[in-house]
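Engineer: Encoded as structure tokens, here's the structure I'll be asking about.
Values quoted throughout were computed directly from the atomic coordinates according to the rules given, and no laboratory measurement underlies them. This structure is a prediction, so every number in the text was calculated from the model and none was measured. Glycine gets a Cβ as well: all are built from the backbone with ideal geometry, and neighbour counts include every protein chain shown.
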Amino acid sequence: MIDPADVAVLLLAAGQSGRFGSDKLLVPLGGAPMALHAANRLAELGTGWRIAVCREAGSLARELEALGFEVVVNPEPSRGLSSSLALGIERAETVGAKAALVALGDMPFVSPAHFAALVAAFDPATAPIVASDRAGVAMPPAVFDKTVFADLRNGEGDQGARALIRGAALVAADPHELADIDRPEDIR
């Protein structure tokens, strides 16, 4: 187990929303922009650092800063999810985080309890990568030990950490909780 004060949470919120048709992270969901749902729940964890990777220093970035997130701007979001992950991990390394909990801004239904369960299951000696489990499939959000930060920085395209989480320790979650929003009909 790790002290949450040694963990950086990374909220990846720089996607281009190509399949959605507009900036999905700003779409109102329950009275707040979609990305703020995950941000608010991550803020409850009491981790040492909160880092959000955004594609610009606009309204979403300002709202995330108001929640205590340090915003890192991804100047090339078209390079894919891996470029945002690399920027966030680089910042986590710089601040001295021992682990990073990576969450996606388009997954608004993940509960605070699930985020906390991921951190609680993490152990650098026995479980250096802990991922969410949806019906046997490893997926984000996930926690990564600092020993794999270099691997996370070196990914390309939209693969993110997919290869790394294949061998992760898994924490089960309700499949609906792990839904990500890619198209307008996904909100329903």
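Engineer: Taking into account only those residues within region 100-126 that are hydrophobic (A, V, I, L, M, F, W, C) and either farther than 20 Å from GLY48 by Cα or touching a His at 6+ places or on another chain (Cβ under 9 Å) (or both), which is surrounded by the most Cβ atoms within 10 Å (Cβ to Cβ)?
Structural biologist: Only one residue fits best here, namely VAL110.
Engineer: Can you tell which of PHE115, PHE109, PHE144 is in a loop (DSSP other than H, G, I, E, B), aromatic (Phe, Trp, Tyr) and under 30 Å from ALA32 (Cβ atoms)?
Structural biologist: Of the residues listed, the single one that is in a loop (DSSP other than H, G, I, E, B), aromatic (Phe, Trp, Tyr) and under 30 Å from ALA32 (Cβ atoms) is PHE109.
Engineer: Six or more apart or on different chains, Cβ atoms under 6 Å: show the pairs whose first residue is in region 163-182 and over 12 Å from PRO140 (Cα atoms) and touching a residue at least 12 places away in the same chain (Cβ under 8 Å) and whose second is surrounded by 20 or more Cβ atoms within 10 Å (Cβ to Cβ) and not hydrophobic (A, V, I, L, M, F, W, C).
Structural biologist: ILE181/LYS24; ILE181/ASP106
So that you can scan it fast, the table gives a plain yes or no per residue for (1) assigned to a strand (DSSP E or B); (2) buried (at least 20 other Cβ atoms within 10 Å of the Cβ):
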position: ALA38; (1), (2): no, yes
position: LEU42; (1), (2): no, yes
position: THR47; (1), (2): no, yes
position: ARG50; (1), (2): yes, yes
position: ALA57; (1), (2): no, no
position: LEU60; (1), (2): no, yes
position: LEU64; (1), (2): no, yes
position: GLY68; (1), (2): no, no
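Engineer: Something else now. Can you list residue pairs whose Cβ atoms sit under 9 Å apart, with the first residue in region 120-137 being basic (Lys, Arg) and the second being crowded, with 19+ Cβ neighbours inside 10 Å and not in a strand (DSSP E or B)? Count only pairs 6 or more apart in sequence or on different chains.
Structural biologist: That search, which allows pairs on different chains as well, returns ARG134/ALA173; ARG134/LEU178.
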